[in-house]
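Undergrad: Have a look at this one.
The values are calculated or read from the model by the stated rules, or taken from the named source; none is laboratory data. Nothing here was measured: the structure is a model prediction, and the numbers come from that model. Reconstructed Cβ throughout: ideal geometry from the backbone, glycine too, with neighbour counts over all protein chains shown.
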Amino acid sequence: MSKRKSSSQAEKPKAAKPLSLPQIVIGTVVTIVILVMGNCVGNQNPPTPTPTQPPTSTMIAATVPPSINVTASAAVATIDPAALVERVTFPLGWGAKHDFWQVYFTAPSGSRDPSTYVGGIDIALVEAINGVERTLDIVAYEFNNPAITAAVIAARQRGVRVRVVTDNEDGLADDNTTLNQLQAAGIPIVTDTRSALMHNKFMILDSATVVTGSWNFTINDTYRNNNNTLFLRSQDAVTDYQAEFNEMFIEGRFGPTSPRNTISSDFTLNGIPVQLFMGPEDDPMPGMVNAVSQAQHSVRFMAFSFTHADLRESLLELAARGVSVEGIFETTGSTTQHSAMPPLFCAGLDVRQDGNSFVLHHKVFIIDETTVALGSFNFSNNAANSNDENLIIISDPLLAGIYLDEFHRRWQEAVIPSNLTCS
């Protein structure tokens, strides 16, 4: 059975410790002094970033000092938690950093001119790869981004051990791949030869950081499609992703026959609960449905492919008991027989089709504005039962807030389906 065409090729018309009271007051005073001094300097604007410049970082609400309420016994500072998150911007992308994580989102311009495909979130990954000193393990469904390719080859040339796992048809055998350049540089590559997909997109850097998400390391997924990628500094995460890499690269085991060896599937990072699922052996869908069914107030999702009946029914049940459900579907395939969009739409749920002229490639659920589910895992039977996938669920309100920002961006350009008939 031949594989379906790659989604990225489809083209459509860490928590910080609580501050003590003295620290809060001192920090607030320092902030106000800095702001006043800054105003004395003048209103000089920074230069506009160009595609060749590194990303710029700012603190959320950095221009607004925290409000101070003084009582007879103490000074109480009210500080927006979001001010702890550092924003990062690129010419064609954006992101945020906090504690043990960094997250980045593509920001497609809609251009079909490849000469404009510079200044994206590949800048962040290239910078990270350039800092690798010992090991770089890559699991890539697709791979053809030239900047990432050059950075990986440069890592190999400076003595980093680089290893790669990929799909066969949409990976090494793809006409546009640059994996052959990695092979020519002496980098070993293992492929999945099954008809199902090796659909993971993750990297492990120096056994210290995991990079994962919906983002294939390609030109399309960087500059045309809506995607996200999460950098996670966690030894527990590294342990599980490394085990997944090893079973594919060393043992050659893929899909349902691969062993269930996710050692640290439930753990905490600085008090933040994290769940990891490697599909299909960890059976991610029940974990996904369980997380969603715990919603008390709201569920927001962005889905490239959403056809799984159990997840669909969970959303219908939530809506029936008053939970707000809003979702964005990739337009292509959204009105087909097995898509979850028609039954959700016809049941009165607020679901829309994406507004990107290319592809909305996210696989994201945001639950009660506190928990995020993300990864390579599409919400489909193939993802649940056949493909090699990964799903991570993190209960961090700060991270959830960043993903909610992306949801709102996509919601603003999404459209209400106009070609559905409900009986």
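Undergrad: Filter segment 244-286 down to residues that are under 23 Å from Ala309 (Cβ atoms), more than 20 Å from the chain's Cα centre (by Cα) and either in a helix (DSSP H, G or I) or assigned by TED's automatic domain parsing to the domain that holds Trp101 (or both), then give me how many there are.
TA: 3
Undergrad: Quick one: which of Thr257, Thr268, Thr212, Thr222 is more than 26 Å from Leu125 (Cβ to Cβ), at pLDDT 95 or above and among the hydroxyl-bearing types (Ser, Thr, Tyr)? Before the answer, list the steps.
TA: Details: Thr257 fails: at pLDDT 95 or above; Thr212 fails: more than 26 Å from Leu125 (Cβ to Cβ); Thr222 fails: more than 26 Å from Leu125 (Cβ to Cβ).
Criteria check complete, one pass: Thr268.
Undergrad: Could you figure out which of (1) among the hydrophobic types (A, V, I, L, M, F, W, C); (2) farther than 30 Å from Pro256 by Cα; (3) assigned to a strand (DSSP E or B) isn't true of Phe345?
TA: Tallying (1) among the hydrophobic types (A, V, I, L, M, F, W, C); (2) farther than 30 Å from Pro256 by Cα; (3) assigned to a strand (DSSP E or B), Phe345 fails exactly one: (3).
Undergrad: OK, next. Looking at Gly271, is it small (Gly, Ala, Ser) and surrounded by fewer than 16 Cβ atoms within 10 Å (Cβ to Cβ)?
TA: Working: small (Gly, Ala, Ser): yes; surrounded by fewer than 16 Cβ atoms within 10 Å (Cβ to Cβ): yes.
For Gly271, the condition - small (Gly, Ala, Ser) and surrounded by fewer than 16 Cβ atoms within 10 Å (Cβ to Cβ) - is met.
Undergrad: Phe217 fails exactly one of the following numbered conditions: (1) under 14 Å from Ile392 (Cβ atoms); (2) hydrophobic (A, V, I, L, M, F, W, C); (3) buried (at least 24 other Cβ atoms within 10 Å of the Cβ). What is the number of that condition?
TA: (1)
Undergrad: Considering (1) more than 30 Å from Ser258 (Cβ to Cβ); (2) of a type in the set (A, V, I, L, M); (3) crowded, with 24+ Cβ neighbours inside 10 Å, say which one Leu360 fails and leave the rest.
TA: Checking Leu360 against (1) more than 30 Å from Ser258 (Cβ to Cβ); (2) of a type in the set (A, V, I, L, M); (3) crowded, with 24+ Cβ neighbours inside 10 Å, the one that fails is (1).
Undergrad: Hey, among the residues in segment 146-195 that are among the small types (Gly, Ala, Ser) and under 20 Å from Asn246 (Cβ atoms), which one's surrounded by the most Cβ atoms within 10 Å (Cβ to Cβ)? Lay out the reasoning, then the answer.
TA: Here is the first cut: in segment 146-195, the ones among the small types (Gly, Ala, Ser) are 147, 150-151, 154-155, 159, 171, 173, 184-186, 195.
Subset that is under 20 Å from Asn246 (Cβ atoms): 155, 171.
Values: Ala155: 23, Gly171: 25.
Here the answer is Gly171.
Undergrad: Here's another thing I want to ask about it. All but one of (1) over 30 Å from Leu269 (Cβ atoms); (2) out of contact with any Phe, Trp or Tyr (no Cβ under 8 Å at 6 or more places or on another chain); (3) surrounded by fewer than 16 Cβ atoms within 10 Å (Cβ to Cβ) hold for Cys422; which doesn't?
TA: With (1) over 30 Å from Leu269 (Cβ atoms); (2) out of contact with any Phe, Trp or Tyr (no Cβ under 8 Å at 6 or more places or on another chain); (3) surrounded by fewer than 16 Cβ atoms within 10 Å (Cβ to Cβ) applied to Cys422, the lone miss is (2).
Undergrad: Mind telling me which of the residues Glu313, Glu330 ends up being of a type in the set (Asp, Glu), closer than 21 Å to Leu374 by Cα and more than 22 Å from the chain's Cα centre (by Cα)?
TA: Glu313
Undergrad: Still on this model: Only one of Leu374, Leu399, Leu318 is in a strand (DSSP E or B), crowded, with 19+ Cβ neighbours inside 10 Å and of a type outside the set (Val, Ile, Thr). Can you tell me which? Even if it seems obvious, please write down each step before you answer.
TA: Numbers: Leu399 fails: in a strand (DSSP E or B); Leu318 fails: in a strand (DSSP E or B).
Unique residue meeting the criteria: Leu374.
Undergrad: As an exercise: evaluate Ser305 against (1) surrounded by 17 or more Cβ atoms within 10 Å (Cβ to Cβ); (2) of a type in the set (Ser, Thr, Tyr); (3) over 29 Å from Glu247 (Cβ atoms) and give the number of the one condition it does not meet.
TA: Against the list (1) surrounded by 17 or more Cβ atoms within 10 Å (Cβ to Cβ); (2) of a type in the set (Ser, Thr, Tyr); (3) over 29 Å from Glu247 (Cβ atoms), Ser305 comes up short only on (3).
Undergrad: Right, here's the next one. Within 24 Å of Ile219 (Cα to Cα), in contact with a Leu (Cβ under 8 Å, 6 or more places away or on another chain) and of a type in the set (Asp, Glu) - does that describe any residue in segment 362-384?
TA: No: zero hits.
Undergrad: Out of curiosity, is Asn356 not in a helix (DSSP H, G or I) and not aromatic (Phe, Trp, Tyr)?
TA: When the stated conditions are applied, Asn356 passes them.
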